[in-house]
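Engineer: Could you have a look at this structure, given as structure tokens, before my questions?
The values are calculated or read from the model by the stated rules, or taken from the named source; none is laboratory data. Since the structure is predicted, the reported quantities are computational estimates derived from the model, not experimental observations. Please note that ligands, DNA and RNA were not included when accessible areas were found on the heavy atoms of the full protein model with its side chains. Shrake-Rupley method; radii C 1.70, N 1.55, O 1.52, S 1.80 Å.
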Amino acid sequence: MEPTNVVDFSAFIEALTGSITTAEVLTVLASVVGVGMGFFLMWLGVRKCIRAFTSAVAAGRIRL
């Protein structure tokens, strides 16, 4: 039976847990959610504008 190589990640994990706090992780998550919501609402608004424009061109009147 061959010996298996074991990689020790304890130093890496200690460095990460020592430098990153829970508050920083929550701040990043809140920022990502906020930016994502902004893009989602912008996407919905652009779709509504495109739909209104194409229906106005096709029907000859603007309806919101």
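Engineer: Given [x] 75; [y] 159; [z] 103, which label gives volume of the Cα convex hull per residue in Å³ as computed from the coordinates?
Structural biologist: Correct label is [y].
Engineer: Note the full-extension length gain between Asn5 and Thr27 as 0.36 nm times their separation in residues minus their Cα-Cα distance, in nm to one decimal.
Structural biologist: In short, 4.1 nm is gained.
Engineer: Of the candidates Ala23, Ala11, Ala52, which one comes out as most mobile in a Gaussian network treatment of the chain with C-alpha springs shorter than 10 Å?
Structural biologist: Ala11
Engineer: Which angle from 0 to 90°, rounded to the nearest 10, does the C-alpha axis of helix 10-19 make with the longest principal axis of the chain?
Structural biologist: 50
Engineer: Further question: Could you check how much of the accessible area of the chain is carbon and sulfur, as a whole percent, using a 1.4 Å probe?
Structural biologist: About 71 percent, which is the carbon plus sulfur part of the accessible surface.
Engineer: May I ask for the angle, rounded to the nearest 10°, between helix 22-59 and the longest principal axis of the chain, with both axes built from Cα atoms and the value confined to 0 to 90°?
Structural biologist: 20
Engineer: Quote to one decimal, in nm, the extra length available between Ala58 and Thr17 on full extension: 0.36 nm per residue of separation minus the C-alpha distance between them.
Structural biologist: Separation in residues times 0.36 nm, less the Cα-Cα distance, equals 8.8 nm.
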